[in-house]
1. At Asp75 and Leu10, where each label point lies 7 Å from the Cα along Cα→Cβ, what is the point-to-point distance in nanometres?
2. Enter the angle in degrees (range 0 to 90, nearest 10) between the Cα long axis of helix 80-98 and the first principal axis of the Cα atoms of the chain, meaning the one along which they spread out most.
3. Could you work out how far the C-alpha centroid of region 67-92 sits from that of region 1-64, in angstrom?
4. Going by a ≥ b ≥ c, the root eigenvalues of the Cα gyration tensor, does the chain fall in the rounded group (a/c under 1.5), the prolate group (a/b larger than b/c) or the oblate group?
5. With the contact rule set at Cα under 8 Å and sequence spacing of 6 or more, what percent relative contact order holds for the chain?
6. Rounded to the nearest 20 Debye, what is the dipole magnitude of the chain about its Cα centre when Lys and Arg each give +1 and Asp and Glu each give -1 at the C-beta?
7. Can you give the local net charge around Val46? Use residues other than it whose beta-carbon is closer than 10 angstrom to its beta-carbon, Lys and Arg +1, Asp and Glu -1.
8. Under unit Cβ charges (Lys, Arg +1; Asp, Glu -1), what dipole magnitude, rounded to 20 debye, does region 66-105 have relative to its Cα centre?
Amino acid sequence: MIDREGERLLSRILPGAFVVCLTIGGKRYSSEQFAATLQEIFDRSVSNITFVIGGSLGLSPAAIGRADLKLSVSDMTLPHGLCRVVLLEQIYRAFKINSHEPYHK
């Protein structure tokens with residue numbers, strides 16, 4: 001089941017995309033570190049970043065192997081919907097940080 005899901009996820013990734021897999025074993029960043037990391041990726045002229053969130057069983061080894069970056073948003077397990085919201089908020093925060101705009105802390 002996890003391998004089939006991994007195949008479906010991998011089939012949707014565009015060639016040349018920078019892939020960020022969200023996994024509990026991934027690297028943890030502060031908001032400022034995440035913003036700097038995204039800026040470094042953009043500075044390399046990457047035009048497509050794909051964030052991959054696995055199912056309740058996690059991500060397949062093939063999906064994790066495709067990752068250019070393994071990211072953990074928490075040591076706790078989060079449901080898909082909540083993980084998406086947390087990730088989206090951190091991406092928004094990163095853009096605000098990189099634009100030197102104020103953002104509520």
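Computed from the coordinates by the stated procedures, all read-outs in this text should not be read as laboratory data. These numbers were taken from a predicted model, which means no experiment stands behind them. Positions of Cβ are generated from backbone atoms using ideal geometry, with glycine treated the same way; all protein chains shown enter the neighbour counts.
1. According to this spin-label approximation, the distance is 3.2 nm.
2. 30 degrees
3. Taking the Cα centre of region 1-64 as reference, the centre of region 67-92 is 10 Å away.
4. Details: a/c = 2.29, a/b = 1.44, b/c = 1.60.
The shape class here is oblate.
5. Numbers: 127 pairs, mean separation 43.0, N = 105.
Computed value for the chain: 41 percent relative contact order.
6. Charge dipole of the chain: 100 debye, to the nearest 20.
7. Values: positive: Arg44; negative: Glu40, Asp43, Asp68.
Computed value for this residue: -2.
8. Details: 6 positive and 4 negative charges, 8 e Å.
With only Lys, Arg, Asp and Glu charged at Cβ, the dipole is about 40 debye.
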